[in-house]
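Quick note: the coordinates plus some simple rules give every number you see, no bench work behind them. Since this is a predicted model, take the numbers as computed values, not measurements. Cβ coordinates were reconstructed from backbone atoms using ideal geometry, including for glycine residues, and neighbour counts include every protein chain displayed.
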Ligand SMILES: N[C@@H](CCC(=O)N[C@@H](CS)C(=O)NCC(=O)O)C(=O)O
């Protein structure tokens, strides 16, 4: 008897090598054995950046995940945590990213850490923001001081020594 196999959905991740937002998506995909096809637009190259912006992500940030269903329907997800949540809901039994629902305090703990990084630390430390700080007076030191202050905030939140 011939076994009928449903064609699988495909997952294309647009990312950048130095992006921590992309790294968390790639790590989760590995843990859940989700086969990602990775595209790496050079966001420092204006024409590539413009193409990426107009086709996929109006603020030209990464990651962007495109899910293409077997029927050809495409879904675009442009926030790293939304991608993690999608992975979790789509593949709940493969290496769960959150503790079970029966452990609400442990789930809250994980979300607490996620929000520290994604809300309190990452947005101000983003290179776009740090470069704007530098551009105010044209001083590299201003950028360095600013990034250091964000790292100190992270250290206070998670209780480790500041990164020097
Ligand atoms: N909240 C977004 C943040 C996305 C973001 O800031 N991505 C950074 C890389 S980690 C980026 O694209 N930076 C380049 C830029 O904004 O020009 C997420 O978690 O996906």
Legend entry - Separation of alpha-carbon centers, segment 113-131 and segment 55-69, rounded to whole Å: 19
Inset, instruction - Mark the label point 7 Å from the Cα of residue 73 along Cα→Cβ and return the residues of segment 85-119 whose backbone N is within less than 15 Å of it. - result: 90
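Using the 10 angstrom Cβ neighbour count as an exposure proxy, how do 17, 86 rank, fewest first?
Working: 17 9, 86 18.
The most exposed by this proxy come first: 17, 86.
Using the beta-carbon distance between residue 48 and residue 105 and R0 = 35 Å, what value does 1/(1 + (r/R0)^6) give for FRET efficiency, to the nearest 0.05? Present the calculation step by step, with values, prior to reporting the outcome.
Details: r = 45 Å, r/R0 = 1.28.
Result of the calculation: an efficiency of 0.20.
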Inset, instruction - Calculate how many DSSP beta bridges within the chain are antiparallel, expressed in % of all such bridges and rounded to the nearest 5. - result: 70
Inset, instruction - Write down the radius of gyration of the chain and its Dmax, each obtained from C-alpha positions, in Å. - result: 18.9, 73
Legend entry - Crossing angle, helix 80-90 versus the chain [Cα axis fit, 0-90 degrees, rounded to tens]: 20
Inset, instruction - Provide the percentage of antiparallel DSSP beta bridges, counting only those with both residues in segment 10-98; round to the nearest 5. - result: 70
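Can you give the FRET efficiency to the nearest 0.05 for residue 152 and residue 93, using r as the Cβ-Cβ distance and R₀ = 45 Å? Please list the in-between numbers first.
Values: r = 40 Å, r/R0 = 0.89.
Efficiency, from the Cβ-Cβ distance: 0.65.
Quick one: Cα convex hull volume of segment 10-98, Å³ per residue? Show your work: numbers first, answer last.
Values: hull volume 8.0 nm³, N = 89.
It comes to 90 Å³ per residue, whole-number rounded.
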Legend entry - Over 15 Å [Cα-Cα, segment 91-164], rounded percent: 64
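Taking the number of other C-beta atoms within 10 Å as the exposure measure, put 64, 152 in order starting with the fewest.
Exposure proxy ranking, most exposed first: 152, 64.
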Inset, instruction - Relative to the longest principal axis of the C-alpha atoms of the chain, give the angle of the C-alpha long axis of helix 46-55, reported between 0 and 90° and rounded to the nearest 10°. - result: 50
Inset, instruction - With everything on Cα atoms, drop me the angle between helix 140-158 and the longest principal axis of the chain, reported from 0 to 90° to the nearest 10. - result: 60
Legend entry - Which of 139, 85 has the fewest Cβ neighbours within 10 Å, and the rest in rising order: 139, 85
